[in-house]
C-alpha cells in the first residue's frame with residue numbers, strides 16, 4: 001500500500017485520492033464545507049459519539065489542496081475565529097467569606113458538571129480570576145466541574161483531550177505509534193485544578209482528587225460514548241511539589257522536554273513540567289495498546 005498523504009493518523013493511498021477527486025468532480029457547485037461533509041459520509045469518518053469528523057476532514061482536504069494533489073473550489077467566505085475574538089471572563093459576585101473546617105464538617109460534597117449550563121460562566125470567571133494560568137477555552141472533548149458544599153463552590157476541575165506527544169507518558173504506557181493514534185482519546189488531561197483561595201480545609205485537595213478519579217471515566221462515557229483509562233496532568237515544579245497528587249496516589253512519570261507541542265527548533269522554550277498520571281483501569285496498558 002503506497003501512502004501518498006497522511007493527516008491526523010489517517011493515511012491516504014492513490015485509491016483514496018481518486019475518491020476525493022471524483023467527489024469534487026461530481027459536485028462542482030459544492031463549497032469546501034459541503035465537500036468535507038460528503039467525504040465524511042463516504043468514508044463513514046465519525047467520532048466515537050457518531051458526530052462526523054468534519055473539522056479534521058476539512059483540514060485533510062486543505063492539506064491535499066496545498067500539496068497540489070487536489071483542486072478545491074475557491075474559498076467563498078472566511079468565518080470569524082470565535083477563539084481569537086473571545087473576551088476574557090469578567091469578575092463575578094460570590095461569597096468570599098473565609099471557610100475553615102475539616103472535611104467531615106463540610107458534609108456531602110457535590111461534583112457539578114457545568115459544561116453547557118448556566119453555571120459555566122461562573123466556572124470560567126473563577127478560573128480566570130484565581131488560577132495562576134487563567135482561563136483558556138478547551139478544544140475538543142472536555143469536562144468542567146464545580147465542587148460545592150451546599151450552595152458554595154469550593155473547588156474547580158477542568159479536563160480535556162490529552163496532548164498527542166508526551167515521551168514520559170508514552171514510555172509508561174508502552175504503546176505503539178499506531179495504538180497512540182487510535183487510543184489517545186481514552187486519556188484525559190487535567191488542565192486546571194483550583195481550590196478557591198478563601199477555602200482552608202486540611203487534606204481537601206487529595207480528598208477531591210480521589211473522588212474525582214472515581215467518577216471521571218463514567219462521566220466521559222455518558223457524554224462522549226467512550227471511557228477513560230488513564231488521567232494525566234502537568235505540575236510546574238517551580239511553583240508546586242505536586243504533594244496533593246502524590247497523596248492521592250498519582251504516579252510521577254518524568255518531566256516534559258520544555259519545548260511545547262508546536263516546537264520547530266528542538267530547543268527548550270519553556271520551563272519543564274513534572275508529568276503525573278493515574279490509571280483508571282487495572283488493565284489500562286492492555287486496553288491502550290490494543291489496535292483493532
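The values are calculated or read from the model by the stated rules, or taken from the named source; none is laboratory data. This is a predicted model, so every value here is computed, not measured. Cβ atoms come from the backbone with ideal geometry, glycine included; neighbour counts cover every protein chain shown.
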- Item | Residues located in segment 212-242, provided they are out of contact with any helix residue (DSSP H, G or I) (no Cβ under 8 Å at 6 or more places or on another chain), closer than 20 Å to residue 147 by Cβ and touching a residue at least 24 places away in the same chain (Cβ under 8 Å) | 212, 213, 215, 216, 217, 219, 220, 223, 242
- Message: If residue 91 satisfies all but one of (1) closer than 24 Å to residue 133 by Cβ; (2) surrounded by 10 or more Cβ atoms within 10 Å (Cβ to Cβ), what's the number of the condition it fails?
- Response: (2)
- Counting only residues that are closer than 24 Å to residue 214 by Cα and surrounded by fewer than 17 Cβ atoms within 10 Å (Cβ to Cβ), segment 110-129 contains a total of 7
- For segment 57-71, enumerate the residues that are surrounded by fewer than 17 Cβ atoms within 10 Å (Cβ to Cβ) and either in contact with a helix residue (DSSP H, G or I) (Cβ under 8 Å, 6 or more places away or on another chain) or in a helix (DSSP H, G or I) (or both). 59, 62, 63, 65, 66, 69, 71
- Note on the structure: In the set 146, 109, 122, the lone residue that is farther than 21 Å from residue 290 by Cβ, out of contact with any helix residue (DSSP H, G or I) (no Cβ under 9 Å at 6 or more places or on another chain) and in contact (Cβ under 8 Å) with a residue 12 or more places away in the chain is 122
- Candidate set from segment 15-32 (those that are part of a helix (DSSP H, G or I) and surrounded by 13 or more Cβ atoms within 10 Å (Cβ to Cβ)); member that is nearest to the chain's Cα centre (by Cα): 32
- Item | Yes/no for residue 218 being modelled with pLDDT of 95 or more and surrounded by 13 or more Cβ atoms within 10 Å (Cβ to Cβ) | no
- The one condition in (1) surrounded by fewer than 14 Cβ atoms within 10 Å (Cβ to Cβ); (2) modelled with pLDDT under 95 that residue 176 fails to fulfil: (2)
- Query: Which condition number in (1) part of a loop (DSSP other than H, G, I, E, B); (2) closer than 28 Å to residue 56 by Cα is the one that residue 144 fails?
  - Reply: (1)
- Test: residue in segment 153-173 that is more than 21 Å from residue 127 (Cα to Cα), in contact with a helix residue (DSSP H, G or I) (Cβ under 7 Å, 6 or more places away or on another chain), in a helix (DSSP H, G or I) and assigned by TED's automatic domain parsing to the domain that holds residue 125: yes
- Message: With farther than 21 Å from residue 274 by Cα and either at pLDDT 95 or above or surrounded by 17 or more Cβ atoms within 10 Å (Cβ to Cβ) (or both) as the only criterion, which of 196, 209, 223, 187 stands out?
- Response: 196
